[in-house]
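The values are calculated or read from the model by the stated rules, or taken from the named source; none is laboratory data. Since we're looking at a predicted model, the values are computed, not measured. When we count neighbours, we look across all protein chains shown, and the Cβ atoms used for this are built from the backbone with ideal geometry, even at glycine. SASA here: full protein model, heavy atoms, side chains in, ligands and nucleic acids out. Shrake-Rupley method; radii C 1.70, N 1.55, O 1.52, S 1.80 Å.
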Amino acid sequence: MNFIPLRVRSHGSLLHGTAAPDALIARALELGYPALALTDRDNLYLAIAFYRAAHAEGLAPVLGAELSAPGGHPLARAGRSPGRAGPGALLLALDRRGYANLCALLTARHLEPDFDLVRSLGESWAGLHVVVESPGLAAALLAAGVPAARGTYRDGPRPAGPTGGLWVGLRGLPAERTALGERAAAAHRLRVPLVATGECAMLHPCEWDAHRIAVTAAAGELLERMPPAAFTAREAWLASPAEWERRVRAVCAGAGAPEAADEALANNAELAARCRLEIEMGVPIFPRAPLPEGTSGPAHLGRLCEAGVHRRYGGDDRPPARTSSRLRAARARLSDELAIIERLGFTDYFLLVAEIVGFARARGIPTVGRGSGAGSIVAYVLGITNVDPLRYGLYFERFLHPSRRDCPDLDIDLCWKRRDEVIAHVYEAYGRDRVAMISTHATLGARSAFRETAKALGVPSARVAALARRIPRELVKPYLAQLERLPESRAVRWREPPLAAALHLAEQLDGAPRHLSVHCGGIVIADRPLTHYVPLEEAAKGVVVTQFEMRAIEQIGLVKMDLLGNRALTTIGECIELARRGGGMDGRGGAGRANGGRTDERDAVPDLDHLPDPDPLTAARVSSGDTLNCFQLESPAMRHLLRM
């Protein structure tokens, strides 16, 4: 029998757990664990990173989460002793169906104001182990339709029953002794198997102070005012399998139920062995683009591209022998690219991007595609980009290649004032349940971690702000020694007791996620409800975002698009509109009237899709480095490069 920790919180449990997933994995391997769970509170923020890293190291990952009832945060239960059962449930995914249900439950927990834990689990328990510690909650879940799991009982194994289902958990912590006898008796009465889960919120015992300061910072309180019940137990660190077995037996014996230990430990191994979740990585998952009835995706894309060739290259219906060499080259390149796109399964992606860009152009919203996608003639003739790859010798293979399986990446710049119109269209066109903004995980750096720890230790806010300005955002550890070497920080007496302690604790929080933010332009579109793949929650300003950040979204194959607000495009669009209203570029009104009705080149409103090239005046200005306020050319380094 080999004990597996099933209740493990990383620093993905924001300002609660202290360890990164890779550190937990490394320590678990040192201790000889064959498997390890990650069960952060109400989230899967770091689940994909943990899953990939564990597989890479030969450790079996068990994915899950602690699902709390509304108001069930530890700070809301501050009067309760650590040994009392919490109102939430520990959920562990057995398989892909259970993972999808887990994502849906976490989403409902964050987005539904009237979320009901019992009702939700009664509807969506399939494929999940549901571990609770409250006898009353266990009875309610049974009544709601969550069946007891198949497991070992004190009177022997019960072979019948579902693979997943309901368990009554115990952690193996000393504080459980007073309530464990009643819990074990209730489990026996309800015919629900007992399972030992352990509890880990820290990597080592020495991290307890960092845990306490993190929880205090999350509450916006002072450490000295925090109730003990707000923190996890001192023993909640990643101990060895033998130590956890010893703890479980000691707690059960102390509670007068020594027989419960054998049942709980046997079920720990049995439960972990049933968790066989496999998440497919790296295979793009494309939503179906809207198509005319009776038309396939490749055929529709081909027709759109042929129309684009006529528009871009002046194509006609003459026999191939009589067409221009430029047109023949365009059609040959187009044929090659379309074949690769169809072979790699990216047809829907191009149709999707073309539809979104077409929507923006039809409404006069300034837009342009950029990045390596400029090397694609398909993107050019669809109007996604405005650079002719044939004229400038750009390689399609830099953008898309048969040996690459990752999804092509087209960045779409939009007028920043009207970008929200395009995003709203994407939600309406592809389904609000299938579209979301991508999150970013805002993490603590040296400066921000010091702010949190110093405030929690009682340093006045004004002094914290003044001191934080002397700390670089990124700082090599140990902080104290580094700050004493920096000229701008040397004058501060960093070894004063509260400051030295704050710096030491800040080192332990450095790199930990602090909160979710909204990616500047990333939006994800799925082929089915997004909760099949990722949980959602509300970030700043009420924006619904994925719990996964950009890298995890790409790794599980979801289609990400960057719809970026660009102020330069807005400025250009406003200038064109002003010229149009004024009658031309010189603002005299009535363009062309001074020339007998002919349009003077100075008066004409520029067509941004047909700018003169070459343009000596523009080339001279760019080569002189006179590019302030020019997008991507305005930094000192770029202006210096242009002058070389």
Residue match in region 286-297 (condition: within 24 Å of the chain's Cα centre (by Cα), surrounded by fewer than 17 Cβ atoms within 10 Å (Cβ to Cβ) and farther than 30 Å from G165 by Cα) | yes
Can you name every residue in region 1-37 that is within 25 Å of the chain's Cα centre (by Cα), of a type in the set (V, I, T) and part of a loop (DSSP other than H, G, I, E, B)?
-> T18
Looking at region 450-467, which of its residues are out of contact with any Asp or Glu (no Cβ under 8 Å at 6 or more places or on another chain) and surrounded by 16 or more Cβ atoms within 10 Å (Cβ to Cβ)?
-> F450, R451, E452, T453, A454, K455, L457, V459, V464, L467
For region 470-518, which residues satisfy the criterion of being open to solvent by less than 20 Å² (accessible area, probe 1.4 Å), under 27 Å from G17 (Cα atoms) and not aliphatic (A, V, I, L, M)?
-> Y479, W494, P513
Consider A332 against the criteria (1) open to solvent by 10 Å² or more (accessible area, probe 1.4 Å); (2) in contact (Cβ under 8 Å) with a residue 12 or more places away in the chain: it satisfies all of them except one. Which criterion is unmet?
-> (2)
Candidate set: region 262-301, residues that are free of Cβ contacts under 8 Å to residues at least 40 places away in the same chain and in a helix (DSSP H, G or I); chosen: the one nearest to P402 (Cα to Cα) | A299
Go through region 430-440 and give me each residue that's within 19 Å of the chain's Cα centre (by Cα) and open to solvent by less than 40 Å² (accessible area, probe 1.4 Å).
-> V435, A436, M437, I438, S439
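This table checks each residue for (1) free of Cβ contacts under 8 Å to residues at least 12 places away in the same chain; (2) under 30 Å from Q508 (Cα atoms); (3) of a type in the set (S, T, N, Q).
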residue	(1), (2), (3)
G345	no, no, no
G358	no, no, no
S372	no, no, yes
D406	no, no, no
I423	no, no, no
G445	no, yes, no
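Residues of region 613-630 being open to solvent by less than 90 Å² (accessible area, probe 1.4 Å) and either part of a loop (DSSP other than H, G, I, E, B) or in contact with a helix residue (DSSP H, G or I) (Cβ under 9 Å, 6 or more places away or on another chain) (or both), which ones?
Within region 613-630, D613, D615, V622, S623, S624, G625, D626, T627, C630 qualify.
Tell me yes or no: at least one residue of region 315-324 is touching a helix residue (DSSP H, G or I) at 6+ places or on another chain (Cβ under 6 Å) and either open to solvent by less than 20 Å² (accessible area, probe 1.4 Å) or charged (D, E, K, R) (or both).
Looking for residues that are touching a helix residue (DSSP H, G or I) at 6+ places or on another chain (Cβ under 6 Å) and either open to solvent by less than 20 Å² (accessible area, probe 1.4 Å) or charged (D, E, K, R) (or both), one finds at least one in region 315-324, hence yes.
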Kindly indicate whether any position in region 128-135 is part of a strand (DSSP E or B) and modelled with pLDDT under 95.
-> no
Do we have any residue at all in region 591-603 that's modelled with pLDDT of 80 or more, surrounded by 13 or more Cβ atoms within 10 Å (Cβ to Cβ), assigned to a loop (DSSP other than H, G, I, E, B) and not aliphatic (A, V, I, L, M)?
-> no
Residue tally, condition out of contact with any Pro (no Cβ under 7 Å at 6 or more places or on another chain), open to solvent by less than 20 Å² (accessible area, probe 1.4 Å) and not hydroxyl-bearing (S, T, Y), over region 6-27 = 11
Candidate set from region 365-398 (those that are surrounded by fewer than 17 Cβ atoms within 10 Å (Cβ to Cβ) and charged (D, E, K, R)); member that is nearest to E577 (Cα to Cα) | R391
In region 1-45, what residues are of a type in the set (A, V, I, L, M, F, W, C), within 15 Å of Q547 (Cβ to Cβ) and touching a residue at least 40 places away in the same chain (Cβ under 8 Å)?
-> L14, L44
Among the residues of region 311-346, write down those that are among the polar types (S, T, N, Q) and either at positive phi or at pLDDT below 95 (or both).
-> T323, S324, S325
Taking E224 as meeting all but one of (1) exposed (fewer than 12 other Cβ atoms within 10 Å of the Cβ); (2) closer than 30 Å to V353 by Cβ, write down the number of the exception.
-> (2)
Does any residue in region 495-508 that is closer than 12 Å to G458 by Cβ come within less than 8 Å, Cβ to Cβ, of a residue that is aliphatic (A, V, I, L, M) and outside any loop (DSSP other than H, G, I, E, B) six or more places away or on a different chain, and which pairs are these?
-> P498/A454; L499/A454; L499/L467; A502/A454
Is there a residue in region 413-429 that is open to solvent by less than 30 Å² (accessible area, probe 1.4 Å), modelled with pLDDT under 95 and in a loop (DSSP other than H, G, I, E, B)?
-> no
Among the residues of region 519-528, is there at least one that is over 30 Å from L222 (Cα atoms), open to solvent by 50 Å² or more (accessible area, probe 1.4 Å), out of contact with any Lys or Arg (no Cβ under 9 Å at 6 or more places or on another chain) and not in a loop (DSSP other than H, G, I, E, B)?
-> yes
Expected output for region 205-216 (first residue under 16 Å from L173 (Cβ atoms), partner aromatic (F, W, Y) and open to solvent by 10 Å² or more (accessible area, probe 1.4 Å), Cβ below 9 Å, 6+ apart or cross-chain) is P205/W237; W208/F231; W208/W237; H211/F231
